[in-house]
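Let me begin by presenting the structure, written as structure tokens, before commenting on it.
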Amino acid sequence: MGNLIKVLTRDIDNNGGNFFLDFENAQPTEAERQVWEKVNEVLREAVHVLEDLQSYSGAGEAIRQAIQHPNEDRMQEKAWSAVRPLVFKLKKFYEFSLKLEGALHGLLRFLTSTRCSPTQHLEQEQALARQFAEILHFTLRFDELKMTNPAIQNDFSYYRRTLSRMRINKNKPACQSEVNNELANRMSLFYANATPMLKTLSDATTKFVSENADLPLENTTDCLSTMASVCKVMLETPEYRKRFASEDTVLFCLRVMVGVIILYDYVHPAGAFIKSSKIDMKGCIKVLREQQPNSVEGLLNALRYTTKHLNDETTSKQIKSMLQAN
């Protein structure tokens, strides 16, 4: 985006004030630095996680051969050798989701504290707001890649079946360095979800609210709704979009907008789709619909299938209709 973006909108500031947000260049102040550095370590690792997931090709052929030739030891060994390193990669992804949860809690603690309003937090602590956006961007990207790669669950299922057989037969490879049964169960639940990272963030946000009962709920929901409004305004206003350095920035904003809508929908008792919601859902969906369909179909699906309150009776027929698949 380059320069600071000036956003003037009633959606963001009830007083009609000026609001600035820079997703690209914001640098931490001294007050932010401690939290920023901890989160930055997680975000650096996130880059490698996405690279590993993007290059994840699976062990499909070796597994097929092993299943078709159950009595040929060479085929079984070949499949096992192919699938083991992939499962350790899946273990790394799962363990990273726990780090992401910790990073999110650190950011929410800072951005929702009672020392100032949620809007002032985002305005004054832009480096942390940017990191929050980067976590959401990573989450949506991870889930998009996971959903289009059936090899992940196939590999893990084969691994668990083989490991179980080895334990029964008391074969050595099943010992020591393998993923233990308890961890395998947790990983299985994680990967069984269509959008595992988004579920991690949704659960983490809900957990944050319940563990901080002394903090007004509005501090969290207003933080999320403000972020959604900022993204929507930047995307729908031509003069702001002209300042984007590339189309990648557009997709970044779209993912962040959808991510905070979903988190808001999980945390707010009535959800994001109710008429009194602080998120302009019709405006947000309109912005999504105005993009190239192939670039936003995954994001529309995230709103259709991973939100909590879309199918409530309180959701207007117009919103449901806008989200219907073409």
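The values are calculated or read from the model by the stated rules, or taken from the named source; none is laboratory data. Remember, it's a predicted structure, so these values are computed and weren't measured experimentally. Note that each Cβ is placed from the backbone with ideal geometry, even for glycine, and that neighbours are counted across all protein chains shown. With ligands, DNA and RNA removed, areas are computed over all heavy atoms of the protein, side chains included. Shrake-Rupley method; radii C 1.70, N 1.55, O 1.52, S 1.80 Å.
Between 0 and 90 degrees, the angle of helix 217-236 with respect to the longest Cα principal axis of the chain falls at about 80 degrees. The residues of the chain expose, per residue, 49 Å² of accessible area to a 1.4 Å probe. Ranked by the mean number of other Cβ atoms within 10 Å of their residues, highest first, the peptides 84-90, 286-292 come out as 84-90, 286-292. Highest mean packing comes first when the peptides 31-38, 212-219, 107-114 are listed by Cβ atoms within 10 Å, giving 107-114, 31-38, 212-219.
Relative to the dominant Cα principal axis of the chain, helix 196-211 is inclined by about 60°. The accessible surface of region 42-114, taken with every protein chain in place and a 1.4 Å probe, is 51 percent carbon and sulfur. In order along region 132-144, phi translates into HN-Hα couplings of 4, 4, 5, 5, 5, 4, 4, 4, 5, 5, 4, 5, 4 Hz, rounded to whole numbers, per the Karplus curve 6.51 cos²θ - 1.76 cosθ + 1.60 with θ = phi - 60° and x for Gly and Pro. Between N181 and R161, the simple spin-label model (points 7 angstrom out along Cα→Cβ) gives 2.0 nm.
The peptide list 302-311, 272-281, put in order of mean Cβ contacts within 10 Å with the highest first, becomes 272-281, 302-311. Stretched out straight at 0.36 nm per residue, the stretch from N169 to K286 would grow longer than its current Cα-Cα span by 36.3 nm. When L299, L189 are compared by accessible surface with a 1.4 Å probe, the order from highest to lowest is L189, L299.
Here the simple spin-label model places points 7 Å from the Cα toward Cβ, and for T148 and N25 these points are separated by 3.2 nm. Given their separation in residues at 0.36 nm each and the Cα-Cα distance between them, E72 and Q124 gain 12.3 nm when the chain is fully extended. Between K92 and N311, the contour length at 0.36 nm per residue exceeds the Cα-Cα span by 75.4 nm. The chain has equivalent-ellipsoid semi-axes of 40, 21, 19 Å, by the square roots of 5 times the alpha carbon gyration tensor eigenvalues, sorted largest first.
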